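A.B. asks: Input: one structure, supplied below.
The values are calculated or read from the model by the stated rules, or taken from the named source; none is laboratory data. Keep in mind that this is a model prediction, so the values were computed, not measured. Heads up, the Cβs are rebuilt from the backbone with ideal geometry, glycines too, and the neighbour counts pull from every protein chain shown.
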Amino acid sequence: MARTAAVWVSLAVGSILCASGVAAADPHPPATAFAIGMCVDGTQPVQERPLRFAYNCDGTGVMTGMNWTSWGRAGANGTGTDVAIECQPNCAQGTRLANPIVVRAWNPVSPTSDDCPRGVQYYSDVTIAYPKSAPPWIDPGTTWDVGTDFVTVDGMPAVHFSGLAPNCLAR
């Protein structure tokens, strides 16, 4: 009898909370996914820890064979190979260069576009460091463009992309 009364009290309290608009905390809140990228296809699932990633939207710079040792709110760390095209005399005829890389991504932010997938934050800062040899255009201390600076990371020549925001294609 006491058990039946306890069940009825629980049901009554639950009904009152629901009717009053007070909801219990979700025991399984939606997880935030983290992604790296400027060009995002909103019709495709978000890829966390991608094995291959085009960091230039035109395919002239691609990280391949990526091995991510960490990935989450605090950032992402990985190693792989940068396959980039030296656009001389132009990108179509340029030499394809492959160099080992050390990648660090951090500062996740929510996108501002409604075309981006919900529940995803994108790393807005990324460095690609070259431990063995760097492409000839990597010149620490110079800037390629706004948000693209050539720096040194742990003694390695690197490129730092800052202020990245995804450009999501419509779903």
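A.B. asks: Inside the range 32-67, can you point out the residues that are among the small types (Gly, Ala, Ser), assigned to a strand (DSSP E or B) and under 10 Å from the mean Cα position of the chain (by Cα)? Let's see the steps before the verdict.
C.D. replies: Quick first cut of the range 32-67, residues among the small types (Gly, Ala, Ser) only: 33, 35, 37, 42, 54, 59, 61, 65.
Restricting the remaining residues to those that are assigned to a strand (DSSP E or B) gives 33, 35, 54, 61, 65.
If the condition is that a residue be among the small types (Gly, Ala, Ser), assigned to a strand (DSSP E or B) and under 10 Å from the mean Cα position of the chain (by Cα), then 33, 35 are the ones that fit.
A.B. asks: So, one more: Run residue 158 past the list (1) in a strand (DSSP E or B); (2) exposed (fewer than 13 other Cβ atoms within 10 Å of the Cβ); (3) among the small types (Gly, Ala, Ser) and report the number of the one that doesn't hold.
C.D. replies: (2)
A.B. asks: Can you tell me which of (1) out of contact with any Phe, Trp or Tyr (no Cβ under 8 Å at 6 or more places or on another chain); (2) at pLDDT 90 or above is the one residue 87 doesn't meet?
C.D. replies: It is condition (2) that residue 87 fails.
A.B. asks: From the list 9, 40, 46, 62, exactly one residue is at pLDDT below 50 and among the β-branched types (Val, Ile, Thr). Which is it? Spell out how you get there, then give the answer.
C.D. replies: Working: 40 fails: at pLDDT below 50; 46 fails: at pLDDT below 50; 62 fails: at pLDDT below 50.
On inspection, the qualifying residue turns out to be 9.
A.B. asks: Right, something else. Has the range 127-136 got any residue that is at pLDDT 95 or above, closer than 14 Å to residue 60 by Cβ and within 20 Å of the chain's Cα centre (by Cα)?
C.D. replies: Within the range 127-136, the first condition is being at pLDDT 95 or above, and the residues that meet it are 127-132.
Then drop every residue that is not closer than 14 Å to residue 60 by Cβ, which leaves 128.
Narrowing the set further to residues that are within 20 Å of the chain's Cα centre (by Cα) leaves 128.
Yes; the residues of the range 127-136 include at least one that is at pLDDT 95 or above, closer than 14 Å to residue 60 by Cβ and within 20 Å of the chain's Cα centre (by Cα).
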